Amino acid sequence: MTTNMYIDILLPILISVIASSGFWIWLGNRNQAKSLQTKLLIGLAHDRLTSLGLTYIGRGWITQDEYENFYVYLYKPYEDLGGNGSVKRLMVEVDKLPIRKDKAFDKLTGDTLP
């Protein structure tokens, strides 16, 4: 068989698959599953951000490491995924907290928290 014969046979099959409703249903389900995973991830991040944020606010201070972890690894990705405004308001309050030295640093230097 020549290359043209393969094209003559495979091209109609490929067009039929793409035009079939099954292909579009499969593609739609794939996107829906990804959307559900994204929603779940946003929900988990929201829960963690709220829990940590309220802990820091209740305590009245935050360490530099805690702030960096909270902001860089949780808040920014959450915001980039389209998280809602309630966590944004919480972030504003966390930003107002005084930053204290890390307790592990204090143990190494012998200092105590102010």
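Laboratory data are not the source of any read-out in this text; all were calculated from the coordinates shown. Just so it is clear, the structure is predicted and the values come from calculations on it, not from any experiment. Quick reminder, even Gly has a Cβ in these numbers, built from the backbone with ideal geometry, and neighbours come from all protein chains shown.
Things worth noting here:
- A simple count of charges around Ile57, restricted to other residues whose Cβ falls under 10 Å of its Cβ and scoring Lys, Arg +1 and Asp, Glu -1, yields +1.
- Ranked for footprinting exposure by Cβ neighbours inside 10 Å, fewest first, Met91, Met5 give Met5, Met91.
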